[in-house]
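Let me begin by presenting the structure, written as structure tokens, before commenting on it.
Rule-based calculations on the coordinates, nothing more; no lab input. The structure presented is a predicted model; accordingly, all values stated were derived computationally and were not measured. Glycine gets a Cβ as well: all are built from the backbone with ideal geometry, and neighbour counts include every protein chain shown.
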Amino acid sequence: MSDIEQEKQELIAKREELRERLRSIHRDYGQGLDRDSEEQAQQLENAEVLEGIAKATAEELERIDRRLNELESS
């Protein structure tokens, strides 16, 4: 396997891992808030962290897609 093919395979695997991470985050968001106010406060704090993770994940996905496009164009 050439270096380019190996890089493509690694990028595709990473892309799938990141997509699954985003799906998991969206599932967490979709569950809504607990009835308990203390639990809600914790969930809201966690939501901020998840939002940051989702943003970083989406940015990484964009970088991977750009690199895959570059590799396929060459």
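What the table shows:
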read-out	value
Helical contribution to [θ] at 222 nm, DSSP H n ≥ 4, -39,500 (n - 2.57), averaged over the chain, rounded to 500	-32000 deg cm²/dmol
In Hz, Karplus ³J(HN,Hα) per residue of region 25-37 (6.51, -1.76, 1.60; θ = phi - 60°; x = Gly, Pro)	5, 5, 5, 4, 4, x, 6, x, 9, 5, 6, 6, 5
E39 versus R19: modelled label distance in nm, points set 7 Å from Cα along the beta carbon direction	3.3
Dipole in debye (nearest 20) - region 20-74, about Cα centre, beta carbon charges: Lys, Arg +1; Asp, Glu -1	260
Label corresponding to Cα extents along the principal axes in Å when calculated from the structure given, among [x] 53, 31, 20; [y] 29, 26, 17; [z] 55, 17, 14	[z]
